[in-house]
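The structure appears right after this line, and notes come after that.
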2 protein chains.
Amino acid sequence: MVKYAQSLDSTFGALADPTRRAILASLMLGEASISDLAGPHRMSLPAVMKHLRVLEDAGLVSQKKIGRTRFCRLAPAPLKTAEDWIAQYRVFWERTFDSLERFLSQHPSAEEEKEKKAWPPRKPNRNTPSR
Amino acid sequence: MVKYAQSLDSTFGALADPTRRAILASLMLGEASISDLAGPHRMSLPAVMKHLRVLEDAGLVSQKKIGRTRFCRLAPAPLKTAEDWIAQYRVFWERTFDSLERFLSQHPSAEEEKEKKAWPPRKPNRNTPSR
């Protein structure tokens, strides 16, 4: 249980940064070398490597060395664990959105009411060609 | 889009702590006062309030004051956004050919479009090992 909690800590912690999310998005396209991954960022290689280390510690990225080059690969398992955790709460947002939809269908907003006053129902225009 | 990224930063950042996840789990049972929430934790009230502030800043908890008591409530919308983000990667853990095909045939999501801007198309790396 402790291990599970630590895993969620490190997964969510790793995802709480736009550069790390961008690295994961890039790895959706396939394996990439560290310099490929660093390329688009205005960041030093050590800074990108630091982000990669966080992703690797969280188990979200795996690395292998071929010759002199290190290749990174997406390791999606912790994302499944994170999604499973969040999914426990699905009933709450589904309920919220359903009840919001119900509410909106019953109570037109102030904005809609204002629109109705500004734009009284248009009389059918007999000159309008039928479509 | 910046707002979306910041929102993901703060949601994932808020979830990266076991006390905060435990507070959210408590709020699954319904509204609770701050002292109710602090009860099960061996923590000072100010420490729990600090966690609640992080959750509130991330939009995951809302508070209202009734008399002298502050009640907290689960606000699930950011969890849906976080789940939607993670769900982009589902295909990688499901790893079925059908879902991969479906993924590739889909129009790029807003998130991918954003990532594309941040990450220009990578040149095929001839050194990339075939899988």
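Values quoted throughout were computed directly from the atomic coordinates according to the rules given, and no laboratory measurement underlies them. Everything numeric here is computed off the predicted structure, so don't read it as measured data. Counting neighbours? That spans all protein chains shown, and the Cβs are built from the backbone with ideal geometry, glycine included.
When peptides A:75-85, A:47-57 are sorted by average Cβ neighbour count within 10 Å, with the highest value leading, the order is A:75-85, A:47-57.
Considering the range A:2-80 at the alpha-carbon level, its Rg and Dmax are found to be 12.2, 38 Å. Plainly put, the tip 7 Å out from Cα toward Cβ on residue B:69 is 6.4 nm from that tip on each other copy, the closest given first. Summary of packing: across the peptides A:21-31, B:17-27, the per-residue average of other C-beta atoms within 10 Å ranks them, highest first, as A:21-31, B:17-27. Distances between placed amide hydrogens fall under 5 Å for residue B:61 paired with B:56, B:75, all partners being 5 or more residues away or on another chain. For residue A:30, the point set 7 Å out from Cα toward Cβ sits 5.6 nm from its twins in the other copies, listed from shortest up. Normalised by the number of residues in the range A:1-58, the mean separation of alpha-carbon contacts (under 8 Å, six or more apart) gives a relative contact order of 46 percent. Note on A:65-78: average number of Cβ atoms from other chains within 10 Å of each residue's Cβ is 2. Taking the charge dipole of the range A:1-96 about its Cα centre, with +1 at Lys and Arg Cβ atoms and -1 at Asp and Glu Cβ atoms, the residue from A:18, A:51, A:78 reaching farthest to the positive side is A:51. Taking every residue in A:2-10 and counting other chain Cβ atoms within 10 Å of its Cβ, the average works out to 2. Between copies, the label points of residue A:53, set 7 Å from Cα on the Cα→Cβ line, lie 3.0 nm apart, reported in increasing order to one decimal in nanometres.
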